[in-house]
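The values are calculated or read from the model by the stated rules, or taken from the named source; none is laboratory data. Because the structure is a prediction, the values reported are computed rather than measured. Because the Cβ atoms are built from the backbone with ideal geometry, glycine has one as well, and the counts that use them run over all protein chains shown. Areas reflect the complete protein model, heavy atoms only, side chains present, ligands, DNA and RNA absent. Shrake-Rupley method; radii C 1.70, N 1.55, O 1.52, S 1.80 Å.
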Amino acid sequence: KKMKAIEDQKMVFEKKPYLLIDCVNKITEIFHEKLLEKKLTINIKNSADDLTVIFVDQIYFTNQVLANIISNAIKFSDIGCQIDIGWTVSFNQVVLTIKDHGVGMPDVVLKNIFMKITLIQELVHLVK
C-alpha cells in the first residue's frame, strides 16, 4: 500500500534537515537487541564528518528505509559478523553505504533489484 501511495504521489513526506549520524544512531538503538542476539556489531566509518545534514522525512527514512536495510543485513549475516555503515559527501550529494557480510542475494534477484516490488516478489518466488 505504501509503495502504491508513493508511486501515485499521494504520500506526503515532511522533509527537514537532520544529521545523518542521528538517523544511524537511532536505527542502531532500534535494533540493539537483535544485534546482541546474533553478536553483530555496527561499524560506523564515514569519510565525511558527523555533521552531515540530509533533508528527509526522518520517520520514513529511519523507520522504513534504514530499518528495512538493517533488518535484512541482520537477518542474513552470520553470527559474530559486522555491518558497516558509512557515507561520503560530494557535490552536495550524500552517498550512504551499508555493507553486511551475509550470504548475498541470488543473481536473478540482484539483477532486477530496482524493479517494482510486485515483480521482485515474483522473482523471489521463482528462486525458491
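Let's see if you can work this out: charge +1 on each Lys and Arg Cβ, -1 on each Asp and Glu Cβ, no other charges. What is the dipole magnitude of the stretch 27-105 about its Cα centre, in debye to the nearest 20? Each step should come with its number before you reach the end.
Numbers: 6 positive and 9 negative charges, 45 e Å.
Here the size comes out at about 220 debye.
Toward the positive end of the charge dipole of the stretch 17-117, about the Cα centre and with charges on Cβ (Lys, Arg +1; Asp, Glu -1), which of Ile74, Leu110, Gln93 goes farthest?
Leu110
Using Stokes-Einstein with the Kirkwood hydrodynamic radius over Cα pairs, what translational diffusion coefficient do you get for the stretch 11-88 at 4 °C and a viscosity of 1.567 mPa s, in µm²/s rounded to a whole number?
Value of D from the Cα-based Kirkwood radius: 98 µm²/s.
Sorted by accessible area with a 1.4 angstrom probe, largest first, how do Phe55, Phe31, Phe91 fall? Show your work: numbers first, answer last.
Details: Phe55 140, Phe31 25, Phe91 195 Å².
Ranked list, largest accessible area first: Phe91, Phe55, Phe31.
If DNA, RNA and ligands are ignored and the probe is 1.4 Å, what is the ranking of Phe76, Phe13 by accessible area, most exposed first?
On the way: Phe76 105, Phe13 75 Å².
My answer, sorted largest first, is Phe76, Phe13.
Taking a point 7 angstrom from the Cα of Met105 along the C-beta vector, which residues in the stretch 49-76 have backbone N less than 18 Å away?
64-76
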